[in-house]
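Participant: Can you keep this structure in mind? I'll have questions shortly.
The values are calculated or read from the model by the stated rules, or taken from the named source; none is laboratory data. Model, not experiment: these values are computed from the prediction. Reconstructed Cβ throughout: ideal geometry from the backbone, glycine too, with neighbour counts over all protein chains shown. Protein only, heavy atoms only, side chains kept; ligands, DNA and RNA dropped before computing areas. Shrake-Rupley method; radii C 1.70, N 1.55, O 1.52, S 1.80 Å.
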Amino acid sequence: MSAATQRRVLPGFGLSLGFTLAYLSLIVLIPLAAVFIKTATLSFSEFWAIVSTPRVVATYKLSFGASLLAAAINVVFGVLLAWSLVRYSFPGKKLIDALVDLPFALPTAVAGISLTALYAKNGWLGQYLEPLGIKVAFTPLGVLVALVFIGLPFVVRTVQPVLEDLDVEFEEAAASLGATRWQTIRRVVIPTLLPAILTGFALAFARAVGEYGSVIFIAGNLPMISEITPLIIITKLEQYDYVGATAVASVMLIASFILLLLINALQAWTRRSSRRIT
Amino acid sequence: MTKPLFSRRALASVGVAAGIALAATAGIAWAQSVTLLNVSYDPTRELYQDFNAAFIKHWKTTSNGGDVSIRQSHGGAGKQARSVIDGLEADVVTLALAYDIDAIAEKAKLFPQDWQKRLPHNSAPYTSTIVFLVRKGNPKNIKDWNDLAKPGIEVITPNPKTSGGARWNYLAAWAYALKQPGGDEAKARELVTKIYQNVKVLDSGARGSTTTFTERGIGDVFISWENEAFLALKELGPGKYEIVVPSLSILAEPPVTLVDKVIDKRGTRKVAEAYLNYLYSSEGQEIAGKHFYRPRDPKVAEKFKDQFVKVDLITIDEVFGGWQKAQKEHFADGAIFDQIYTKR
């Protein structure tokens, strides 16, 4: 046995792992640790009293609920959008492809102000929706609209490349073997796309949970109704309550982390099971 | 023969240009050697724009003076105070209420706790009060605070937890209920609760609420700083809104102070002192009056007396026992304002 066989095939494992850890600590872990250290100055009962007041709990429901819902909506329409962009050619396709990225580039405050102007009762859309009894601006629905807007590119951009790699021949083969269209979608297309869809979902969700700029303008910010958790954090900061703000922030961090772990586990599971099918 | 890469003339002009650029930067550096940073709250943008221009002129003509440039920062009073606590080097702060300046003194210890005694009139060179802005013709017939509590009235006010102005709004409503015949704490709480149940949008700062009421067309009445209401009237169309002055309101004293540690470090004490004192001069008072703040100087106030309606004004000290107490009882986490929303 030579030493060479005990070595890994790819060179530089030690170096790249060391670099990864150092970089992650510097950029992610140390700032996050600061949140927990500040929170640790509280006793557990004080911490619990802060993070479990009804007003704060109401914001968790809105923030996490609206973010999950927005990510789900984005999955449906994002996959559709990616599908049409990959599978069909039509005039203006390049243009639409570029439009998808706009929510990435737009400053979130601009997005919030334009959405509010659009959906307020004197806005272009709001003036037709309001008589129908649909209020968007200054309600939780407005929060959802803003979160859908900022989350859209994530699903499209994760699904698109996978779809491009999925040859039409697979679908043709399925059809020639007698599969109906629905069976082809369900047994061939969806299983291949699922890991990418879940990644897109996780990214859109993560972005939506932390979103502040665009939501604040359209939400109305009424306690118990349309306040998001990041606003509670900002409100606490403006009252010079740094510890309270970090306490709520740490709850958000832990909840988001657990949810993202779950999504990642789900993704790994679907990848394994899709391999079994193919 | 190859041509030289740069002709002699081109070289000369480059030299001249470089010289001018150098002189220009030196000039800027010299002019900026005295700068003041005034950290202020939301609706004072227009006031300080004018006042700063006047002060720059004034400082040139005084014997010890010279060139000075002034930078301004505006935002919700709480956020502004926090920036200063966190290290923003403000030479002077001009905020919406004493509580936020107290917080700077207490948490960052940048100036003494008794700062409010250092300048005349509780360190507030101008005052304002809280009034209602309603839509043209006052279609909902809003006259006084109790009208805001009626069912079906949509009220716009910022969030008192983040906006200094909104705290004045809240306390004015509370004081009104106390001063009614048979008024007590319970009645006051009931009125304020009903008013906030009519609030459709809680923006984080006064300027945001102005936008919600005017640009978005939300709400029947906007509880506002008097100066902000006048400004909305002037800038956004006098034909579209009206000001309604309630029977009783609160004397809002937005105070100013020097940030001692910063001015001593930066060597700007003289000009910063002159800057704040100039607010009290008749020129400064006139500029305040022009921007719809009530001047303190009786002579200047006389000039503007037709602009401001006479209204019964209570002070925070006589009704609420000062800002520290009011903050603790009404706006702290879990205090009355939070209870209004959580105990329905």
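Participant: Can you pull out every residue in region A:47-98 that is surrounded by fewer than 18 Cβ atoms within 10 Å (Cβ to Cβ) and touching a Ser or Thr at 6+ places or on another chain (Cβ under 6 Å)?
Facilitator: Those that are surrounded by fewer than 18 Cβ atoms within 10 Å (Cβ to Cβ) and touching a Ser or Thr at 6+ places or on another chain (Cβ under 6 Å): A:54, A:55.
Participant: Same structure, new question: Being assigned to a helix (DSSP H, G or I), in contact with a Phe, Trp or Tyr (Cβ under 9 Å, 6 or more places away or on another chain) and within 14 Å of chain A (Cβ to nearest Cβ) narrows it down to one of B:54, B:81, so name that one.
Facilitator: Answer to the check: B:81.
Participant: For region B:209-222, enumerate the residues that are open to solvent by less than 10 Å² (accessible area, probe 1.4 Å) and over 14 Å from residue A:220 (Cα atoms).
Facilitator: B:221, B:222
Participant: If you check A:59, A:41, which single one turns out to be among the polar types (S, T, N, Q) and outside any helix (DSSP H, G or I)?
Facilitator: One residue alone meets the criteria, A:41.
Participant: Further question on the same structure: Name every residue in region A:241-274 that is surrounded by fewer than 19 Cβ atoms within 10 Å (Cβ to Cβ) and within 14 Å of chain B (Cβ to nearest Cβ), in order of residue number.
Facilitator: Passing the criteria: A:241, A:242, A:243.
Participant: So which residues in region B:162-199 are more than 18 Å from residue B:254 (Cβ to Cβ) and touching a Phe, Trp or Tyr at 6+ places or on another chain (Cβ under 6 Å), if there are any at all?
Facilitator: Residues satisfying the conditions are B:173, B:176, B:188, B:192.
Participant: Among (1) open to solvent by less than 10 Å² (accessible area, probe 1.4 Å); (2) out of contact with any strand residue (DSSP E or B) (no Cβ under 8 Å at 6 or more places or on another chain), there is one condition residue B:152 misses while meeting the rest; what is its number?
Facilitator: Failed condition: (1).
Participant: Is it the case that residue B:137 is within 14 Å of chain A (Cβ to nearest Cβ) and at pLDDT below 95?
Facilitator: no
Participant: Can I ask one more? Name, by its number, the condition in (1) in a loop (DSSP other than H, G, I, E, B); (2) touching a Pro at 6+ places or on another chain (Cβ under 7 Å) that does not hold for residue B:170.
Facilitator: Only one criterion is unmet by residue B:170, namely (1).
Participant: Now for a separate question. Within region B:284-344, considering only helices (runs of 4 or more DSSP H) that don't extend past its boundaries, which have at least 2 residues that are in contact with a Leu (Cβ under 8 Å, 6 or more places away or on another chain) and either open to solvent by less than 50 Å² (accessible area, probe 1.4 Å) or within 14 Å of chain A (Cβ to nearest Cβ) (or both)? Break it down into steps so the answer makes sense when it comes.
Facilitator: Numbers: elements: B:298-303, B:316-320, B:323-326, B:336-342.
Per the criteria, B:316-320, B:323-326.
Participant: Further question on the same structure: Restricting to region A:224-240, and then to whatever is surrounded by fewer than 22 Cβ atoms within 10 Å (Cβ to Cβ) and outside any helix (DSSP H, G or I), can you tell me which residue is farthest from the other protein chains (Cβ to nearest Cβ)?
Facilitator: By that ranking, first place goes to A:225.
Participant: Could we say that residue B:75 is surrounded by fewer than 24 Cβ atoms within 10 Å (Cβ to Cβ), more than 14 Å from chain A (Cβ to nearest Cβ) and assigned to a loop (DSSP other than H, G, I, E, B) here?
Facilitator: No.
Participant: While we're here: Could you tell me whether region A:9-23 includes any residue that is touching a helix residue (DSSP H, G or I) at 6+ places or on another chain (Cβ under 8 Å) and open to solvent by 60 Å² or more (accessible area, probe 1.4 Å)? Walk me through it before giving the result.
Facilitator: Step one: filter region A:9-23 for residues touching a helix residue (DSSP H, G or I) at 6+ places or on another chain (Cβ under 8 Å), giving none.
No, region A:9-23 contains no residue that is touching a helix residue (DSSP H, G or I) at 6+ places or on another chain (Cβ under 8 Å) and open to solvent by 60 Å² or more (accessible area, probe 1.4 Å).
Participant: Of these, A:255, A:247, A:202, which one is over 15 Å from residue A:57 (Cα atoms), of a type in the set (Gly, Ala, Ser) and in a helix (DSSP H, G or I)?
Facilitator: Only one candidate passes the filter, namely A:202.
Participant: While we're here: How many of the residues in region A:116-127 are in a helix (DSSP H, G or I) and away from chain B (no Cβ under 12 Å)?
Facilitator: Total meeting the criteria: 0.
Participant: Does residue B:267 satisfy the criteria of being of a type outside the set (Phe, Trp, Tyr) and either closer than 26 Å to residue B:85 by Cβ or open to solvent by 50 Å² or more (accessible area, probe 1.4 Å) (or both)?
Facilitator: Judged against the criteria, residue B:267 is a match.
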